[in-house]
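The values are calculated or read from the model by the stated rules, or taken from the named source; none is laboratory data. Computed from a predicted structure; not experimentally measured. With ideal geometry, Cβ positions are generated from the backbone for all residues, glycine too; neighbour counts draw on all protein chains shown. Surface areas here come from the heavy atoms of the whole protein model, side chains and all, with no ligands, DNA or RNA. Shrake-Rupley method; radii C 1.70, N 1.55, O 1.52, S 1.80 Å.
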Amino acid sequence: MTTTTSATPPAATTAGTAHPLHTPVIAWFEAHARDLPWRRPEAGAWGVMVSEFMLQQTPVNRVLPMYEQWLARWPRPADLAAEPPGEAVRAWGRLGYPRRALRLHAAATAITERHGGEVPDDHAELLALPGVGEYTAAAVASFAYGRRHAVLDTNVRRVFARAVTGVEYPPNATTAAERRLARELLPGEEAVAARWAAATMELGALVCTARSPECGRCPIAGDCAWRAAGSPAHDGPPRRGQTYAGTDRQVRGRLLAVLREAHGPVPQAALDAVWDEPVQRARALDGLVADGLVEPLEGARYRLPLT
DNA sequence: TACGCGTGGCG
DNA sequence: TCGCCAAGCGT
């Protein structure tokens, strides 16, 4: 829906890199892709970058309203860079992992200072920005600028693990073999490669999901190595779980929530009220300060960072 | 390499 | 109910 392609070329690629999965996956994408705001032309590269930061480990539905608020308030990198980092943290709301807000603010500052206010289109320059790793650099270059990069996120890794490798889940950490496979499967033609990147991600997000894949709706079910093997259950080390209850993360979340909602300096006593165990509470607060998410003031008071 | 880092919805 | 899961990054 995001483009008006007529007559999709037959998995056309430059070298001998055409692969039987290209055409059905891209055709499926043309028919079923969601109309997400960061996929519209008016989003621009900055919109794509903001969405990618927000989508790091956070579901689309929770990102949508925050994305709209951020783009309305800060339509260009320089607009965000002109405000204190604490404003980014406050506007992050309850999206989680608030260090992303700090890093997005720092990235906006770097873009303003080093790139004339324009999000760079070069993978290496993107990678040099705070909070931009291998995935995000490839995603911005591919989705915003149509460049040819293997985009390996959790969705794509799962699709490849199943369809090509024949296992239910990819390894815990991205391996060299996965990167090689992703490069090998990448269509040779730049515009097709960008389409493929978005299409494989969308297939993983909508059909080839982690918990209950809907193989009946999958355009490549007939070519899927995992199905051909009888959909064997995951075998190997357990997938990395995330602990939360009772951890420092939960304490940090509570402390930061108080600071987000306050608009002046917050006295120590207000922070002490959110967690009764003093050692853990102090450790969590120290961590927030060390991360730059909280600024300590004179007289045992705290606020979101002004610098 | 493995771990720490938020939050909330779903099966 | 509660563990799993969600477009990762930095160290």
Single residue of segment A:184-227 satisfying the filter (loosely packed, with under 14 Cβ neighbours inside 10 Å and among the hydroxyl-bearing types (Ser, Thr, Tyr)) that is nearest to A:ASP121 (Cα to Cα):
A:THR209
Residue list for segment A:197-238, filter: among the basic types (Lys, Arg) and under 16 Å from A:HIS22 (Cα atoms):
none
Filter pass, A:GLU118 being open to solvent by 30 Å² or more (accessible area, probe 1.4 Å) and under 27 Å from A:ALA82 (Cα atoms):
yes
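Every residue, every condition in (1) aliphatic (A, V, I, L, M); (2) under 18 Å from the mean Cα position of the chain (by Cα), yes or no:
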{"position": "A:VAL50", "(1), (2)": "yes, yes"}
{"position": "A:ARG73", "(1), (2)": "no, no"}
{"position": "A:VAL119", "(1), (2)": "yes, yes"}
{"position": "A:GLU134", "(1), (2)": "no, yes"}
For the subset of segment A:228-281 comprising residues that are part of a loop (DSSP other than H, G, I, E, B), within 12 Å of DNA strand B (Cβ to nearest atom) and polar (S, T, N, Q), which member is most open to solvent (accessible area, probe 1.4 Å)?
A:GLN242
Sort through A:ARG100, A:ARG62 and tell me the only one that's open to solvent by 30 Å² or more (accessible area, probe 1.4 Å) and assigned to a helix (DSSP H, G or I).
A:ARG62
Which one of these is on the phi > 0 side of the Ramachandran plot and of a type in the set (Gly, Ala, Ser): A:GLY166, A:GLY216?
A:GLY166
Tell me whether segment A:41-48 contains one or more residues that are touching a Phe, Trp or Tyr at 6+ places or on another chain (Cβ under 6 Å) and either of a type in the set (Val, Ile, Thr) or not assigned by TED's automatic domain parsing to the domain that holds A:VAL258 (or both).
yes
